[in-house]
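First the structure, in the form of structure tokens, and then the observations on it.
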Amino acid sequence: MTSLLFAILSLAFGPVSDTITVPAMVSAAKLDARPGQMASPFSSLGMSSLEQNSVKSAKNLSGIVPNLHVPEYGSSMTSTIYLRGLGSRMENPVLGLYVDEIPILDKNAYDFDFLDVESALLLRGPQGTLFGRNAMCGVLALQTTGPSISFPSTLRLEVGSGRSVRASFSAGNAAHALSLGLRYQGGFFENAYTGDFCDPHKGGAVRWKYLIHNDPSSRLEQILSVSFLDEGGFAYGLYRDGVLQDPAYNDEAGYRRLSAVEGMKWHREGEKVRMDLIGSVQVLLDRMRMDQDYTPDPVFTLEQRQHSGAATLEGIFRPGRPREHWHPVTGFFGFVKYNDMAAPVRFKEAGIRELILANANNHIPPEIGYLDIPESSFPVTSDFNIFTWNAAVYHESVFVWGPWRLTGGLRLDASGGWMAYDCQSALSYRFVPTMAAPKAFSSSYTGSLGHSWLELLPKLSVLYDVSEGEGFPGRLQVYASFSKGFRAGGFNTQIFSDILQNRLMNGMMDDLGVHFDTPAVSVGADHTSYRPETAFNYELGLRAAPSGTFRAALSVFWLDCRNQQLTVFPPGKSTGRMMTNAGRSRSVGLEAETDWHPGNYQFHVSYGVTEARFLEYQDGNQDYSGNRVPYSPRQTLYARAARSFFLSGSGRLIPSLTCEGAGDIWWDEANTLRQPLYLTLGARFSYAWEKGEVYFAGMNLTGTQYRTFYFKSIGNEFFQRAKPARAWIGIQLNF
């Protein structure tokens, strides 16, 4: 099918050229200028920096980017992004992700191994005007290597702690670029109940870029990316009486994912209009299995299967001839997404006894009798058909007068969704002593609901470049900006098991003529959707480069967040979780970065501090106003020092040390539990020559013990510990 498509396109646009080199794009196509000319803080890493900082996935950008925290916990499905005090564990992220200028729509696909990533650019602060939904705190744009007449073939192999092995191969020419990657990991956390490792991993990825080019004014590129993983996870230990126990659970836990993105990019240079059209088709098939009580007892399990598909299209238009004082960009964006999801929960012996029978029999006088369920297990099935859509138009103009750069923009963004749900459960029950035999009973909860929203996303900024004036030897920029971003609303699929459990128990009691005054679980249809979260950002910043070897950036921000989305658990021994809108919060913070390269030395420091607190949050039981927003660290720190030794020939030795830290992290809205500030030490030693590199690297070499995640399940508290000290050795060969 792909070959046929390109045959047709070749006829339309002309034959493939084998002499054109496509320049690497540092940022998304819609950005008007280089990041250094924008009134927005940013962090940018090239391929060499990514390798020297051991960045293998988005999680490793934590700390390198000030106020960014991507903790390692759970599985590749569950790890969450926190930035500038905001973020949540479920559903829509606060950071937009673009790979080769294609937006990645599904949060479940955010956690992946980097493969031939040429550059990583993270714009901080709301980027809603140009990037729309879920760019509420920023955008991460990754660019991978593409076709080139000087494309080297590269082979990489790496082995390390946790019985881990990584291998990759890349090759290309002026028209094609192919990358292959594989990873295996034995695991770091042992399940004390089974004796097996919780977190083994097997995965691989392939990416193929194909370039069609008929003349210098037109470029058409196809990108196909497919990845697969099969892993364990959820190394959660029970926290009781101030003691954190090792993970110990009896049922299967793991995650599988197949993700595919087929993208097409067409750039056209016309006399009157420059145009970029970027479209994609995205498919994600995954399955998560979880021992949801995380104990050795047979309580209940969850399996979640998703079959989702999406299509995106974006058009970006600029004047054909650059103008001296006015640089406008206008565009449209739209996507549609369909998700067929099944999330059955199976109640087992202990779950039937503790979660259903105990609640029911508490309402029955002992002298009358008691309720009994003869089954050793039964399922609560939940099937969902979810359709999501988004359509937007936007415009941004940049006006330049000498050292002044004024930017104004506006986006009209419409989004919505529709969900049909079908939840079923069947069992038998017996009331002792009045019923001689069990009686079959079933319960269902079916229906549909929809929602839609319209958002206006403005942006205003001004930048003054002192270096444009006379007599200033270096470069100094100061800027101020105002922008708005939003995170889309959605549906609470993980609360339906609680709703049906409640209906099942009440139904059985009604069948017996016993009526509850209040439901055992206080959730219903009104909890199955939540509203968008919006943020208004006010920022002041400066960038200085007084010499070619020193660069520094500093910014301060005030983020006013409305309808903040938080993950909460219903009271009591509930089995589900849900997203709720918490009212209002504010984040005030500072971000700083410095780079200094005196001679053969390299020094880099990144620091971020955020005070994120609830201004208004009342959950119906307690008032958390004034408390710190949980899960996002108050501080992040990253420091790196390196020295290059140039040897005879083309050889170069580069030893380096890194220090990374985050904290304090508050784990609950009441601020009763926290992770203090922790620091970890890393190192890398490499020897590089013209045809390759060998290296040794390590993370958390001090073996610092800290906690990466906290949550509750059926009234119990759990933590996950950080990975222990680990190291690896690798080799790269260029052909």
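Of the strands (runs of 3 or more DSSP E) lying entirely inside segment 620-735, those containing at least 2 residues that are touching a Leu at 6+ places or on another chain (Cβ under 9 Å), touching a residue at least 12 places away in the same chain (Cβ under 8 Å) and within 29 Å of SER88 (Cα to Cα) span 635-643, 652-663, 678-689, 707-713, 716-721. In summary, ILE665 fulfils each of the numbered conditions (1) surrounded by 17 or more Cβ atoms within 10 Å (Cβ to Cβ); (2) closer than 29 Å to ARG240 by Cα; (3) at pLDDT below 95; (4) aliphatic (A, V, I, L, M) with the single exception of condition (3). Across segment 55-82, which residue is modelled with the lowest pLDDT among those that are among the small types (Gly, Ala, Ser) and over 17 Å from GLN185 (Cα atoms)? Going through the qualifying residues, I end up with SER79. In segment 626-653, which residue that is of a type in the set (A, V, I, L, M) and surrounded by fewer than 19 Cβ atoms within 10 Å (Cβ to Cβ) is farthest from the chain's Cα centre (by Cα)? Among them, the one singled out is LEU647. For residues that are among the acidic types (Asp, Glu) and farther than 30 Å from VAL281 by Cβ, scanning just segment 333-363, find the one that is modelled with the lowest pLDDT. Taking the candidates together, the pick is GLU354. Screening ASN502 on (1) surrounded by fewer than 17 Cβ atoms within 10 Å (Cβ to Cβ); (2) modelled with pLDDT under 90; (3) not in a loop (DSSP other than H, G, I, E, B) shows it passes everything except condition (1).
Condition (residue is under 26 Å from VAL226 (Cβ atoms) and either buried (at least 22 other Cβ atoms within 10 Å of the Cβ) or of a type in the set (Ser, Thr, Tyr) (or both)) applied to segment 124-131: is it met by at least one residue? Scanning segment 124-131, I find at least one residue that is under 26 Å from VAL226 (Cβ atoms) and either buried (at least 22 other Cβ atoms within 10 Å of the Cβ) or of a type in the set (Ser, Thr, Tyr) (or both), so the answer is yes. Among the residues here, ASN385 does not qualify as modelled with pLDDT of 90 or more and either in contact with a Lys or Arg (Cβ under 7 Å, 6 or more places away or on another chain) or not in a strand (DSSP E or B) (or both). Taking every residue in segment 32-52 that is under 15 Å from SER555 (Cα atoms) and in contact (Cβ under 8 Å) with a residue 60 or more places away in the chain and pairing it with any residue that is among the hydroxyl-bearing types (Ser, Thr, Tyr) and part of a strand (DSSP E or B), at least 6 positions away or on another chain, the pairs with Cβ-Cβ distances below 7 Å are PRO35/SER44; ALA39/THR407; ALA39/SER461; ALA39/TYR479; ALA39/SER481; SER40/SER481; PRO41/SER555. All conditions but one from (1) assigned to a helix (DSSP H, G or I); (2) within 13 Å of the chain's Cα centre (by Cα) apply to SER49; the one that does not is (2). Scanning segment 389-432 for residues that are within 30 Å of GLY513 (Cβ to Cβ) and either without any contact (Cβ under 8 Å) to a residue 12 or more places away in the chain or not small (Gly, Ala, Ser) (or both) yields TYR421, ASP422, CYS423, GLN424, LEU427, TYR429, ARG430, PHE431, VAL432.
Against the test of being surrounded by 18 or more Cβ atoms within 10 Å (Cβ to Cβ), touching a Lys or Arg at 6+ places or on another chain (Cβ under 8 Å) and of a type in the set (Phe, Trp, Tyr), the options PHE189, PHE151 yield a single qualifying residue, PHE189. For segment 425-439, the condition holds for at least one residue, the condition being that it is among the charged types (D, E, K, R), surrounded by fewer than 16 Cβ atoms within 10 Å (Cβ to Cβ), at pLDDT below 90 and assigned to a strand (DSSP E or B). Restricting ILE316, ILE356, ILE278, ILE352 to those that are crowded, with 21+ Cβ neighbours inside 10 Å, of a type in the set (Val, Ile, Thr), touching a residue at least 60 places away in the same chain (Cβ under 8 Å) and not in a strand (DSSP E or B) reduces the list to ILE356. When GLY651 is tested against (1) touching a Ser or Thr at 6+ places or on another chain (Cβ under 8 Å); (2) at pLDDT below 95; (3) not aliphatic (A, V, I, L, M), just one condition goes unmet, and that condition is (1). A search for C-beta distances below 8 Å between a residue of segment 603-618 that is over 27 Å from GLU660 (Cα atoms) and any residue that is assigned to a strand (DSSP E or B) and of a type in the set (Asp, Glu), counting only pairs 6+ apart in sequence or on different chains, returns TYR617/ASP623.
Against the list (1) hydroxyl-bearing (Ser, Thr, Tyr); (2) at pLDDT below 95; (3) surrounded by 15 or more Cβ atoms within 10 Å (Cβ to Cβ), the condition THR658 fails is (2). Within segment 672-684, being crowded, with 16+ Cβ neighbours inside 10 Å and over 17 Å from SER62 (Cα atoms) holds for ARG674, ARG684. Is segment 240-248 home to any residue that is surrounded by 16 or more Cβ atoms within 10 Å (Cβ to Cβ), modelled with pLDDT of 95 or more, under 27 Å from the mean Cα position of the chain (by Cα) and assigned to a loop (DSSP other than H, G, I, E, B)? Yes, that holds for at least one residue. For segment 571-606, a residue qualifies if it is modelled with pLDDT under 90, touching a Gly at 6+ places or on another chain (Cβ under 8 Å) and surrounded by fewer than 18 Cβ atoms within 10 Å (Cβ to Cβ), and exactly one does: GLY572. Within segment 368-385, the set of residues being surrounded by 14 or more Cβ atoms within 10 Å (Cβ to Cβ) and not aromatic (Phe, Trp, Tyr) comprises GLY369, LEU371, ASP372, ILE373, GLU375, SER377, PRO379, VAL380, THR381, SER382, ASP383, ASN385.
If I ask for residues that are in contact with a Phe, Trp or Tyr (Cβ under 7 Å, 6 or more places away or on another chain) and either modelled with pLDDT under 95 or buried (at least 20 other Cβ atoms within 10 Å of the Cβ) (or both), which ones from segment 258-273 would you list? Residue satisfying the conditions is VAL273 alone.
The values are calculated or read from the model by the stated rules, or taken from the named source; none is laboratory data. On a predicted model such as this, the values are computed, not experimentally measured, just so you know. Cβ sites come from the backbone with ideal geometry, for glycine too, and all protein chains shown count toward neighbours.
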